[in-house]
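Below is one structure, written out as structure tokens, with a few remarks after it.
Only the coordinates and a few stated rules stand behind these numbers; no lab work does. From a predicted model like this one, the values you see are computed outputs, not experimental measurements. Glycine also receives a Cβ, built like all others from the backbone with ideal geometry; neighbour counts cover every protein chain displayed.
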Amino acid sequence: MGGEVTAPLKVLDEPLSFWGGFDSATGLIIDRHHPQFGDRLTGLAVHLPASRGSSSASSVLVEAVRAHTAPAALLLATPDQILLLGALVAYELYGRGPTVVLLETSHPIAERHPDPWPETRLTVTARGELQLHPSGARETQEE
């Protein structure tokens, strides 16, 4: 769901709880036990292997959209109705929010190699297609 977006790609190594693990005021991962503790997710296309935690994660995502600290896109390896609800509510309240995509398990991003895309930008088209743009690449690669 959502519209077309182009943003730097961030692959999370482990699931993240938006409730208690993400600071909607700063856009930072604040779970001290998460391997990417301290990383900013604001404006990124974030691949989540899964989410953790409570149904309150949807309200944290809505607040991040209001504060302009939300990810630009959420690329989900598994269906997550709570984060989808947060994105839908954000669109309803503010007319904007993260694009949400459920990846097929065979997609290269879903394979979760450790930080395989450090300088890669990702475009999610209005039809839900993903296009990877490696750093320095002149042509768009479609996956």
Give me the number: length gained by fully extending Leu85 to Arg52, i.e. 0.36 nm times residue separation minus the C-alpha to C-alpha distance, one decimal in nm.
10.4 nm
Can you give me the long-range amide H partners of Asp39? Hydrogens built in the peptide plane at 1.01 Å from N, cutoff under 5 Å, separation of 5 or more residues or another chain.
Ile29
Give me the distance in nm between label points sitting 7 Å out from Cα along the Cα-to-Cβ direction at Phe37 and Glu129, one decimal.
4.2
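Provide Rg over Rh for region 1-99; use the alpha carbon set for both Rg and the Kirkwood Rh (inverse mean inverse pair distance).
Over the Cα atoms of region 1-99, Rg/Rh equals 0.91.
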At q = 0.18, 0.20 Å⁻¹, the log10 of I(q)/I(0) for region 2-47 from a Debye sum over equal Cα scatterers comes to -0.52, -0.63
Under the 0.36 nm per residue contour assumption, what length would be gained going from the current alpha-carbon distance of Asp13 and His68 to full extension?
17.4 nm
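Rounded to the nearest 5, what % of DSSP beta bridges with both residues in region 7-88 are antiparallel? Before the final figure, lay out each step's value.
Values: 3 of 12 bridges.
Approximately 25 percent, going by the DSSP bridge assignments.
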Extension gain (nm, one decimal) between Leu102 and Thr6, 0.36 nm per residue minus Cα-Cα
32.9 nm
